[in-house]
Structures are given as C-alpha cells and as structure tokens.
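Data first, discussion second: the structure below is written as structure tokens.
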Amino acid sequence: MEKFVIRGRNRLYGSVRIESAKNAVLPMMAASVLTKEKVVIENCPKISDVLSLIEILGRLGVKTEFYNENLIVDSGEITGDKIPEYLMKELRSSIFVVGALLSRTGSAEFSLPGGCNLGERPIDFHINGLKTLGYSVADDGEIIKVSGKATGSTVKLPFASVGATENIILASVTAKGATEIINAAREPEIVDLIGMLNSMGAKISGAGTGRLSIEGVERLYGTRYKPMSDRIETGTYLIAAVMTGGKVRITNADTENISFITDKFCNNTCKVDRINGIITINSDGKVRPFDFSTGPFPAFPTDMQPQSVAMLSLAGGISRVKETVFKNRFGYVESLNKMGAAIKVEGDTATCYGVRRLHGETVWAGDLRGGAGICLAALAAEGDSHVYGVEHIDRGYYAFEGKLKSLGADIERIY
Ligand code: EPZ
C-alpha cells in the first residue's frame, strides 16, 4: 500500500510551478469530442484523473497523445457510445463526456459517476437538464441511456452546480435554437471552458454570470488552447508555505482568482505579481484564525476547505468553518485530531481550536483535498507521519511529493 513518509518542521524555501487547472482540463478533454478536428490542450498535467479520462475517451474511439506538455485529442472517429461502469466509477468528470457525446452522436449509455467520497453526489440536475433539452432518458437503476437531438430550451438549475452547468453547455452547443441556463455556476474553470468552446466555434455568452446563453451552431472546429492555472494547487502551496513558516515563490500561478486566500490569511506576507503570474510568500509561520463559509463561486471554494482547516488547526485562536457545498467533506478531520489538532465537527460546521503543535502519526487520506490537508499538517507536525491513500492525492496534484521535496520538505513516497 503506497504511502508518503513525511518528517515535519522543515521550513519550505524555493520556487514551485503550478499546472493547468484540473477542473478546467477535464471538461475541456470532454469538449474535444464535439469536433472531428484535432484539439490541443496545452500544459496538460499528467494527473491520474486525466489518465482515467483518456481511458474513457479511448473506449469511444478517441485518440489521444501527449506531445511534450500538450495533450492532443483526435475525435475524428467516434466508434461507441457506452462508457463502462468501472470507468464511470473512476472519476466524477466522466459525466461531462455524456453531454459532449450527445451533441456529437445523439446517444450515450453510462452509469452513476464516481469521484471523491464527499457524501451523496447525485446527478439529478444533469438528467433533468438533458430532459429539458429534449433528450429521452431511460434509467433502469443501473444503466442510463440518453438519446435524441437537443432543442434550445431554458434550463433552471436548483443549485449552481459546476458539473451540471458544464454538462448542459456541452449537450446544447449544437442544439436547434438557443439555450439559457439560469442559476449557472460561475467558477473560473467554467469561464475557461466557455473560452475554449468559443474558440472552437461555439456561440456562448454570459460567462462568469449566473445566466448563460448558448446559441446552437452546426458544427465545432479544432483548436489549440492553454487552460487557466490551477487556483486550488496554488492555494495548497501557499498554505504549505504559511504552515512551515517558509519563503516560497509560486510561478505560473492563477493570480486572478487567488484573493479568496491571499486576502484571508496572507495579509502582509504575500506579494502578488499579477502581470507575470508570480506569487511570493514570506511567512512568519504565525497562523491567524479566520472564519469562512464555502459556497459556489465567488464564495470561498470548497476545494480549499480541508487545506485551510489544516492550517487553522495551528491558528492562535478559534476559527469556524461552514461547508455548504458537500454533505460530508470533513472526513479528514479525524486524522488531523489524531495528529493533535482540536477540531469539533457539528453538522456542516467545524470549529477549530488552534493548538501550538501537531505531532506525526499514521493517518489515511480518504479523498483528494482531504489528503492534501493531511499532508500539509504532516509538513508542520513534529516527527514522522505515514500518510496512506496517496492515490487520492495523485488524482489532482501532479508530482506532489517532488514539488514539496524541491522546496525542502522531507517527504518520500514508499511503494
Ligand atoms: C465539481 O464537482 C468539481 N469537480 C469539484 O472538485 C468541486 O468541489 C465542485 O465542482 C464544487 O466546486 C470537477 O470539476 C471535476 P457540483 P461537481 O455539481 O460538479 C450536488 C476537486 O477536489 N449535486 O457543483 O460534482 C452535489 O451533491 C473536486 O477537485 C446534486 O445534488 O460539483 C453537491 O452537494 C471535488 N445533483 C453540490 O450539488 C446534481 O445533479 C455541488 O456539486 C449535481 C450536484
């Protein structure tokens, strides 16, 4: 069973480069199915979610190739419409392929998607949106078959769901007529996906607002696109610098969408150079308490909640964190408390009573961002930690231990 062995208390120094955003790249890979022409996604991270989605696309006849840092996707020939159940279970973003496949071929057969264990993650918003677009849906409780041709409609989302917004965009780009999505998610990754789709010939407006208009077009064309940098990876390394009291230079950073972090706790220790995409942080190692509540953009991102709570476990005071997006995203707290944190979870709120020290322990990562939070705690803890479940971390962080090691962390992957 693979694990990280982390000896804590090394202050981090040096420079780390951020990858393209996982949650932009994955829907972009699905969007590549919309055209017979080649699509090049630049600076594509070889994280395991990308590799899993490559396998799913391959099952549909899509050819992919990494060329240097770029991923070339060739959907010239679509030879199938069935996504095998074991691959659907691999990752949540498998569901995006459905929307693109429907626009391209008019049919898709799939089962409930997998992904991080964050509590129940239904797909009712996706299915109802596809039905509103005029697709027919047959669901026998195991396999879901969707088919038809989209007609421009108005889709009202009950919650600003990222995945449902993306899937409905992909399922309506070649619809007959125009589609409106009301209460659409506004995440920067969706704005980026829309940028790529419009570069392929789509006609989508309203990006970044809660109201999107998608005018159906006949066909889409190939493109070459550089996705945005990963704001969650950026935030993760910022917190690593703060928790270890280090001085870190983060390059190729998403400086546009990072103020949710830098405003909260970097105060005067962070310099953000927006022009060159560089953030430097010179931390005094002191963690100040703060409260936050996660929510759909522009609220504090839920994907930064576990890393932030790990940091707040060492704050000089009490912090209250409310998780409003997922029903069960505090699973990692048990491991932090085993390491000496004092965090009390009641319903959707975690109260962090800051402690002076954490100590190394044998702990388990149960999901991607919870695993990152546990590793950040281990970097600051006294003594050795053995962190199991590293396969969760590999899903969304490219070369996680290599980048930390280059910053001076004492971390080894043990197979
Ligand atoms: C995307 O997941 C991201 N994943 C998640 O990142 C991120 O945490 C989430 O958006 C919120 O920002 C990718 O982009 C691949 P949602 P998604 O639909 O689309 C409920 C990470 O760590 N819901 O916005 O699954 C759902 O249960 C991952 O990088 C329904 O009830 O998120 C949840 O409570 C984790 N019915 C809430 O909405 C539906 O049909 C938000 O989910 C769909 C969602």
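A few notes on this one:
- Integer Hz, Karplus 6.51/-1.76/1.60 couplings in order for region 287-297, x for Gly and Pro: 9, 8, x, 7, 9, 7, 10, 6, x, x, 3
- Placing +1 on the Cβ of every Lys and Arg and -1 on the Cβ of every Asp and Glu, with no other charges, gives the chain a dipole of roughly 860 debye about its Cα centre.
- Nearest-ten-degree value, helix 368-380 long axis tilted from longest Cα axis of the chain: 20
- Peptides 152-165, 220-233, 16-29, 63-76 ordered by average Cβ neighbours within 10 Å, highest first: 16-29, 220-233, 152-165, 63-76
- Each of the peptides 79-89, 397-407 was scored by the mean count of other Cβ atoms within 10 Å over its residues; in descending order, highest first, they stand as 397-407, 79-89.
- Considering only the chain, percent of DSSP beta bridges that pair antiparallel, nearest 5: 75
- Angle of helix 22-31 to the longest C-alpha principal axis of the chain, folded into 0 to 90 degrees and rounded to 10: 10°.
- Peptides 313-324, 337-348 ordered by average Cβ neighbours within 10 Å, highest first: 313-324, 337-348
- Under 26 Å from the Cα of residue 226 - lysines, other chains or at least 8 residues apart: 22, 36, 38, 46, 63, 203, 271, 403
- Taking every DSSP bridge with both residues inside region 22-225, close to 75 percent are antiparallel.
- Around residue 353: net Lys/Arg minus Asp/Glu count, Cβ-Cβ under 14 Å: +2
- Take every pair of alpha-carbon atoms less than 8 Å apart whose residues are at least six positions apart; their mean separation over the length of region 265-373 yields a relative contact order of 25 percent.
- Principal-axis analysis of the Cα atoms of the chain puts helix 231-244 at an angle of about 10° to the longest axis.
- Neighbour net charge for residue 228 - beta-carbon separation under 9 angstrom, K R +1, D E -1: -3
- Rel. contact order, % - alpha carbon contacts under 8 angstrom, at least six apart, region 22-225: 20
- Vicinal HN-Hα couplings computed from phi for region 315-320 (Karplus, 6.51 cos²θ - 1.76 cosθ + 1.60; Hz; Gly/Pro x): 6, x, x, 9, 10, 10
- Within the shell of other residues whose beta carbon sits under 15 angstrom from the beta carbon of residue 172, the net charge comes to +4, with Lys and Arg scored +1 and Asp and Glu -1.
- Contact order relative to length of region 49-132, as percent, for alpha carbon pairs under 8 angstrom and 6 or more apart: 24
- Shape analysis of region 22-225 places it in the rounded category; the axes a ≥ b ≥ c from the Cα gyration tensor give an a/c below 1.5.
- Proximal lysines relative to residue 344, as straight alpha-carbon distance under 17 Å, when same-chain residues fewer than 8 apart are discounted: 322, 327
Any read-out appearing in this document is the output of simple, stated calculations on the displayed coordinates, not a laboratory observation. Here the structure is a predicted model, which means the values were calculated and not measured. Glycine also receives a Cβ, built like all others from the backbone with ideal geometry; neighbour counts cover every protein chain displayed.
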